[in-house]
Structure formats: structure tokens, C-alpha cells
Amino acid sequence: FFSSPQLHSPSVMLAAQRPLVAQHARAAPRLALHRPARTFLLGPAYGLAKKMMPPISATEKAALESGGVSFERHIFAGTASVAALRPYRNQLSAAEQAFLDHEVPELCAMLDDHQIMTDKDFPPEVWDFMRRKGFFSMKIKTEWGGLGFSAYAVSRVLRVVQSRSPSAGATVAVPNSLGPGELLECYGTPAQRERYLPRLTNGELIPCFALTAPHSGSDAASMTESDGYVVKGEDGRLGIRCSFKKRYITLAPVAGIVGLAFNLHDPDDLLKGEGAPGITIALLERDHPGLRIGRRHDPMGNAFMNGTVEGTDVYIPMDAVLGGQSQTGRGWTFLMEQLSEGRGISLPAGACAAAATAATAAGAYARIRRQFKVPIADMGGVQEHIGRAAGQALIVRAGADLVAAIVDRHESPSVLSAVIKQQATDRGRAAFQDAMDVMAGSAICRGPSNVLAAGYSMNPVGITVEGANTLTRTLMIFGQGVTRSHPHLLPVLRALEAGDDAGGFARGTLAMAWHGLRNAGAAVGRALTRPRSKADLPAYYEAQLNQLAAGFAAVCDMTLVLGGALKREEMISGRMADCLSSIFLGYACLWWCEQQGDAEGLDRLMDYALTGLVHEAQQALVGVATNFPMRPVGWAMAAVTAKWAGPYPAPTDKQVQAASDVVTHPTDVFAAFCQDVYFSEDAGARLTMLRDWLPEAARAQRLEQALRRAKRAPTAEEQELLSRVEAARDRIVQVDAFDRLGVELADPAYVRPALRPYAAPAAKVAVALPGRGREAQSEAAN
């Protein structure tokens, strides 16, 4: 009905839905329609609906039937609550904590990101360390020599590494996201596991996965430039003759093994039922005959390895197919089930690092930096930037931690993975942009002292990869979410697909009607009765989110009147995705803050962040109602959004100032954000100086204010503090300068062209002659 071919078992999905369906079955009254009446009324509707339903391709079916549903099903049902999230917890094992305490800081200390960006590669000792210490096999089980880490541990490792060097973060992320390692563990033959997993875990093989092609980007399943044909070799054994042209493949230039996705054809029916045509995955080592690998792209100047994987008429033996011949044609299902975890962990981890670095660096810098004799942290315009960055840091951290906890409970949340990938990378980019505005000149001059430049250049990469954010938002989040997570829609779709199940269609349609009416009533009722007092901040915001969830569920049902045309209303779908995402992130913030206890500053930042999220969610629903093409339905949507009962405003100036203060002072929240950032043991490193001198700068400012009130001079001890802070301030505001850059480094005798001898042409001088006209003056000039 409305699925996306973008990156994502009926039994798994239905099992996940069963408790919710049963709940609504108990809640729904029996509508007073006898079977003949239902058949008479719904029979013609069944026929019409079958005509309206667009065909679903095999690839789309695979996407729909892979992965599972999670907390989002409660939002689509209008029954979401913080209580449903309490079973999820983030916890590190002793081994995971030790890795974070030792191997991760050791790696970060080896990374000189400015030099890495200049050289466009890591030093040999860095590559060796990452391979030897298991950074490329964190997710592979210990029985194969991997580290066997949880999703949360992988996320924490990636955050810290990425904060030190975004290129190193990307390098470590890919093998632990969409790498052949996990695919081999889940779907490989015993021989394939024995052959490859030990070599992946000991660092002998660096993996990459070749999926994207020039004409198959976000629509990766089209595989227009990757075709393989089943052939019979001279020895009578089956093989595959394959041509492919892949690009944007991270780690390809240095990979020892490639996971290759291609579209398999069997025109001569050689498979004979063992396996099937369709998207297939093969494992090829670097020296495989005909495989062309090694050329590099230059992604925004970042240093991580990224390039092409190509081949023409490459022969692939059948035992190189992941899982063997019987698993041909199942590649897309494999990818959907594995990629949803990777894209829900690795890219949000990078966004966490970006947002945490932005909030802590800009917050500390603003307190230390002075203009017009005051810290710029006290200037309203600067507070706007810092408040937004701090709010985004909280939202991204909460959402990423929650999705990691969901994955660690062995759920495969394909929809929530799309939500957190799109939202985290977008919000991380926004936080970085605000931090750049605050740190200004010190953020744009590259060098060892610049703490933002590398992350700023990496932001567009996260926005683009593993499903471009624009298409993820407008095609996937709501489209796949409503199909998979709505408590009644999937049975209706299966009845339509069957073609002869009018009874199932009738039952599902009536259940959907009751579902929509119940949630419409709940949305209006909750709008009228929701609390207006913030005396209990978590309870206040949970009530607002509950009202919005009911409104979202009701509006969701109303959008379905468009039938298959909804698939083409991408702006409507995008706004529904925005609403779903903001509601989910709102609950995530409440869940995360509940676990932090009475952390200093958390209540102020939570108030700011949740005010923004409920405002965003309501505005998205209002946008759907305003722009819905069937206007009577749009008017009904407007009533359900309940803006008439009191709109949710954007954060006030006081809330912005309060949020800014949380990260421009050494609060518990500031310390929590610092957990996602690497701070060098070198006291003179710029980021370390910002963290360490923030408390002293805040203390010195309080002292100055006390001295002015008392109208007295500082004591010797007080002056010593003021002098130390001033000296640190002077060091922190400095930027890097170089004697030589670029081509100058390669040639010591190089002279800048603008400084070389220059023969200037003779100047034309106009001579003014008194009493002469313009014509004469022009003649004199000539």
C-alpha cells in the first residue's frame, strides 16, 4: 500500500503486533452489523479498494516483511506512555567499560586530526592499532574472536572516537554497521564463517559493503548497474557472471573483502528451485579475478577511505554467495534486517558526538570569550545559538540511547532506526551550525586548535549516507511506519492482496474505523483536560505527548482515505514523519531524563527541549490539516489537532536563556555531554582547556561581580585567580597560523605567485587642462 524500497518476517511483524491488536479487539465494541449487512455495505468498498491499491513489488514486500516494530506501534495506536519505555535500559559490561576506559582513549591519543585531514589517511600505527584491538569487529561474537559488544557500547565507542576524528569515527563505524561480519554470522554457511570470521576479527581483512551505484542511490534496490546471470561452468557447476559499477563505498580503497549486492537473473532456469532470482549478496576477496577496487572519492575533504568497486563479466562461484545457492534472491531481506540496526546506531552516534561537542565547546567558549567587556555567553544573540545547540544535544543523546537500548533487547526497529538516523543527523548538523556561529573566527581557521572544522565538514556525509535524509523523511518514516506499525492496516492490506478475502477486509476496516474514532475522541478530550501547570514537569509533558499521540493516530487514519495516492503526497508524508519523530523524541527525552535523577540543570534543559518538540509535533499536524488535498477531511483533521484548545508555543526567551546557562556553566548536564567527547590528557589541548577553564571562568566572573558590588579591589589571592583566567582566555582565543600551506609544503623554494616580479602596464593618466572642454581633456589623456 505505502512502502518504500529504501533500506529496510511476516511472522516477526505480526508477532510484534499481536498484543496490540488483541488490546484493541478487547476495547472495541461489537458494531451492530450482521454479516449480510457488512457484506452488502463493504463488498463494493472491497472491490474499489483493490483497484485503488497500487501493486507492491517483490522488493517492497521484502522491505515490509523484514525487521520488526517497536515503541512506534504505541504512537500509531495513540496509546504511547513513558511506562512502555521503562523496561529499556542502557548498561555496559565490565569488558565494554574497560575498552572505553583504555583502548578508546589510547586510540584517540594517537589521532592528530589536522594531520589526518592534510594527509588524507591515518598513520600505519593507527591502522594497526584499530585492527589489532578489535575496533573493526566490535559486533562479532567472542566465539569468533570478536568483542561481542552491545549496540550501546558500540555507540559509546563511536561517539568518543568521532569527537576526536570524524574520519576515524566513520572508519570504525562501517565494519560495525553494514559489514560482512554480521551478515556472515547470521546467514553465512559454516564454511564461509570458518573462512572469513577469524580473519575479520584478527584484522587481516578490512571489510566493505558495495551497495550504492550511480543510478541506484536512495533507490538502492533498483540495482540498475549490478546484474548477474546464472551460468554453468565447464565443470558443470553453477556460477554467476556479473557486471557491476558501485560508488561511495566506504573502506573500499583498503578493503580485503567486499560484500557485493547485485540483481541475479536466471533466464535458463538453472537454479531449478534451489534459490531464486533477485537481489543477492556475494563475498569477494580483494584479489578476486576481474574485481577493480582502489580508486578513491574525496568526500568533502574528509580523510576516511571511500571509493569505487567495479567489475565486468566477473565470474563468481556459487559458494561465494552469502549462504550458498539456496540463499540467492534473499539479499534484500538480509540487508533490511541488518541495516536497520546499523543505521540506528552508527550514524546517530556520530550525531551525538557532533551535538555534544557543539554544546560543550561553544558553551565553554562563550563563558570564557569576552567582547565589550562581558562574556559573550551573557549576550542574547549568542544565547539563542547555545540554547538551541544544548537542546539538540539532549534530544539526540536521548533518542540515540533509547534506540540502542531497543536494539539490545533484540528488537529490529526498522522504522525507529530511520527516525533516529534522519533526526539525529539533522539535529546534529543544526547544533554544529549554531556552535560555528558562536565560535566564529576560531571555528573557521583550520589547524590543531580548531575543535569544530572537521566535524562541520563531516556533517553532510551523515545527512547523505544510508538513505538520504530527504527521502528517508518523505518516503520511508511514515510510509513504512503506517504500514508496519498501525494496529489494523496490515491485515487490511493482506486481505486486499489476497483478492478474495472480503471478510478479512471488512473486519479490518471496521476495526480501523473504531480505532480512528476512539483516537479522535481521545485527542479532543485530552486537549481539554491536559494539565496547564508545570509543577510536575515530567507529568506535564507526558500529558501533552499523550494528547499529541492520540491526535497523530487519528490524523494518520484520516490520511488513508487517499488510498494509493498517499504515496505521491510526499509533503503530507513528510509532515506526518515530522510529527511521529517529534513525539518519539519527546518520550525518549522523558525516558532519558528519568534515568538521570536530579542532575543539575536537567530540568531547565528538559523544559526547553520538550517545549520545542511538542511545538514541532503540533505544527506538523496543523500543516497536514491545512494542506490535505481533500478539504473536508482536512477540516476534520484541524479539529483533531486541537490547536483551538491552546497552541503549543515555541520556547520563550527565558527558556532559551535557561537552556544556554546549562552548558555555559559547569553543571551535571555539561558533564554528561562530556562523556561523548574525547578530552586529551594534554592540558594545553584546546578542547581540554575549554572544559577545564569553564569552572574557573565562571568563578572569576562571580568574583568580578562581587567586587563591583562591594566597590573594592581584589585581594592578592583573588587577583591571582583573575590573572590566571585572563592568561587562559588569551590562549584559548588564539587561532592557528602556518608559515607554509598547500603547494608551498612540497617545494621549499616555492614563491607565491603574487610575490613574484610583476611588470605592471603603463598607467593611463588623465591630465586636466584648465578652461578646456571634455573633448580636449580626453584628447590630452590619449
Q: List the aspartates and glutamates whose Cα lies under 15 Å from the Cα of Lys654, skipping any in the same chain that are fewer than 8 positions away.
A: Asp378, Glu384, Asp603, Asp607
(Q) Given a Förster distance of 22 Å, report the FRET efficiency between Asp219 and Asp313 from their Cβ-Cβ distance, rounded to the nearest 0.05. (A) 0.30
Q.
Please report the net charge: other residues with Cβ closer than 13 Å to the Cβ of Ile368, K and R +1, D and E -1.
A. +4
Q: Report in % the part of the accessible area of region 259-342 that belongs to carbon and sulfur, leaving out ligands and nucleic acids; probe 1.4 Å.
A: 47
(Q) Here are labelled values, (i) 26.7, 83; (ii) 30.0, 111; (iii) 30.3, 102, and one is the computed Rg and Dmax of the Cα atoms in Å for what I pasted. Which one? (A) (ii)
Q) Using θ = phi - 60° and the Karplus form 6.51 cos²θ - 1.76 cosθ + 1.60, what ³J(HN,Hα) does each residue of region 544-549 get, whole Hz, x for Gly and Pro? A) 5, 5, 4, 5, 5, 5
(Q) Taking loop as defined by DSSP and a crowding limit of 14 other beta carbons within 10 Å, which trypsin sites (Lys or Arg not before Pro) in region 324-379 fit? (A) Lys373
Q. At each listed q (0.13, 0.25, 0.26 Å⁻¹), what is the log10 of I(q)/I(0) that the Debye formula gives for region 202-275 modelled as equal alpha-carbon point scatterers?
A. -0.50, -1.05, -1.09
Q: Could you compute the FRET efficiency for Ala762 and Val733, with r as their C-beta to C-beta distance and R0 at 60 Å, rounded to 0.05?
A: 0.80
Q | Net charge contributed by nearby residues that have their C-beta within less than 15 Å of Gln547 (K/R +1, D/E -1) | A | +3
Q) Of all accessible surface on region 487-557 at a 1.4 Å probe, what whole percent is carbon and sulfur? A) 63
Q. Going highest first, how would you order 416-422, 249-255, 207-213, 518-524 by mean Cβ packing within 10 Å?
A. 416-422, 207-213, 249-255, 518-524
Q.
Run the numbers for Ser723 and Val231: contour at 0.36 nm per residue of separation, minus the present Cα-Cα distance, in nm.
A. 169.2 nm
Q: Quick one: Debye curve from the alpha-carbon atoms of region 591-658 only, equal weights, vacuum; give me log10 I(q)/I(0) at q = 0.12, 0.16, 0.18, 0.19 Å⁻¹ to two decimals.
A: -0.45, -0.66, -0.74, -0.78
**Q.** Listed residues Ala424, Trp144, Cys579: farthest to the positive end of the dipole of the chain (Cβ charges)
**A.** Cys579
**Q.** Quotient of Cα Rg and 2.2 N^0.38 Å for region 233-346, N being how many residues it contains
**A.** 1.15
Q. Tell me, what is the FRET efficiency for Asp598 and Arg568 to the nearest 0.05, using R0 = 41 angstrom and their Cβ-Cβ distance as r?
A. 0.25
**Q.** Gyration tensor over alpha-carbon atoms, region 348-505, equivalent ellipsoid semi-axes in Å
**A.** 43, 14, 13
Q. To one decimal place, what orientation-averaged projected area in nm² is obtained for the convex hull of the Cα set of region 105-183?
A. 5.0
Q. What does the charge count near Val254 come to, summing +1 for each Lys or Arg and -1 for each Asp or Glu among other residues with Cβ under 13 Å from its Cβ?
A. +2
Q | Sites matching trypsin sites (Lys or Arg not before Pro) across region 178-262 that sit in DSSP coil, with at most 14 neighbouring C-beta atoms within 10 Å | A | Arg237
Q. In Å², what does the accessible area per residue of region 540-623 work out to with a 1.4 Å probe?
A. 25
Q: With a/c under 1.5 counting as rounded, go ahead and sort region 179-236 into rounded, prolate or oblate using the C-alpha gyration tensor (a ≥ b ≥ c being the square roots of the eigenvalues; past the cut-off, prolate if a/b is larger than b/c, else oblate).
A: oblate
Q. In region 682-768, carbon and sulfur make up what percent of the accessible area (probe 1.4 Å)?
A. 57
Q: Take the alpha carbon atoms of region 211-240, find their center, do the same for region 250-311, and report the distance between the two centers in whole angstrom.
A: 9
Q. For region 132-217, with every protein chain kept in place, what is the accessible area per residue (1.4 Å probe, Å²)?
A. 30
Q) Assigning unit charges at the beta carbon (Lys, Arg +1; Asp, Glu -1) and nothing else, what dipole magnitude in debye, to the nearest 20, does the chain show about its Cα centre? A) 2300
Q: Using Cα centres only, tell me the gap between region 547-566 and region 594-610 in whole Å.
A: 32
Q) Using alpha carbon centroids, what distance separates region 394-413 and region 429-449, in Å? A) 29
(Q) For region 491-583, take every pair of Cα atoms, bin their distances at 10 Å starting from 0, and report each bin as a whole percent. (A) 15, 34, 32, 14, 4, 1
**Q.** Mean accessible surface per residue for region 292-387, computed with a 1.4 Å probe while every protein chain stays in place, in Å²
**A.** 31
Q: Pick out, from Ala506, Gly134, Ala642, the residue whose Cα sits farthest towards the positive end of the charge dipole of the chain, with +1 on the Cβ of Lys and Arg and -1 on the Cβ of Asp and Glu.
A: Ala642
Q: Holding the Cα-Cα limit at 26 Å, pick out from Lys373/Lys534; Lys141/Lys272; Lys133/Lys245; Lys120/Lys245; Lys141/Lys245; Lys421/Lys567 the pairs that are longer than that.
A: Lys373/Lys534; Lys141/Lys272; Lys133/Lys245; Lys141/Lys245
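The values are calculated or read from the model by the stated rules, or taken from the named source; none is laboratory data. This one's a predicted model, so the numbers in the text were calculated from it and none came from an experiment. Here Cβ is always computed from backbone atoms with ideal geometry, including for glycine, and neighbour counts include all displayed protein chains. Remember, those area values only see protein heavy atoms, side chains included, never the ligands or the DNA or RNA. Shrake-Rupley method; radii C 1.70, N 1.55, O 1.52, S 1.80 Å.
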